[in-house]
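Asks: My questions will all concern the structure given below.
Nothing in this text is a laboratory measurement; each read-out follows from the coordinates by a stated rule. Bear in mind the structure is a predicted one, so any value in this text is a computation, not a measurement. Please note: Cβ atoms are built from the backbone with ideal geometry, for glycine as well, and neighbour counts cover all protein chains shown.
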Amino acid sequence: MPRIIALDYGKKRTGIAVTDELQIIASGLTTVASDGIFDFLKKYFDTEKVSKVLIGEPKQMNGQPSESSLLIESFVQKFRETFPSVEVCRWDERFTSKLAFQSMIDSGLKKKQRQNKALVDEIAATIMLQEYLTRKMI
């Protein structure tokens with residue numbers, strides 16, 4: 001079964017998470033500089049089967065698009081043009097960064113480790129993907 005990838009795309013960095021081959025468990029994969037995301041994905045897609053990419057959809061508390069929505073919409077459009085055979089699914093990413101930071105605290109990471117924004121982005125993508133998998137199974 002092909003994998004599902006989640007992307008927490010941002011202006012500077014993109015956190016990436018991936019499922020196992022049975023699409024049961026989400027795991028953090030890495031964080032890459034956003035200007036290198038397409039090169040990374042091309043290499044990844046050459047070695048792994050991926051059926052779907054979950055891309056975070058930033059929203060405000062009232063459900064309206066956030067300030068970063070235009071940046072992400074541009075990324076989604078380019079992604080669809082570059083990888084037309086990969087299904088894109090948008091996913092509400094509200095609170096994932098806060099949940100990621102809290103999970104770092106809960107797991108006992110020291111303050112210096114919690115300041116690693118790349119790790120926060122990777123964990124946020126993992127949370128987003130695990131939420132998707134959980135809803136899919138219900």
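Asks: Can you list residues from other chains, or at least 5 along the same chain, whose modelled amide H is less than 5 Å from the amide H of residue 10?
Replies: Excluding prolines and chain starts, which carry no amide H, the hits are 15.
Asks: Also, quick follow-up: For 46, 121, 39, what ranking results if the residue with the fewest other Cβ atoms within 10 Å of its Cβ goes first?
Replies: In increasing order of surrounding Cβ atoms, one gets 46, 39, 121.
Asks: Still on this structure, please answer the following. Filter 11/136; 12/117; 52/136; 11/78; 43/78; 78/117 down to the pairs with a C-alpha to C-alpha distance above 20 Å, please.
Replies: Distance filter (> 20 Å) returns 11/136; 78/117.
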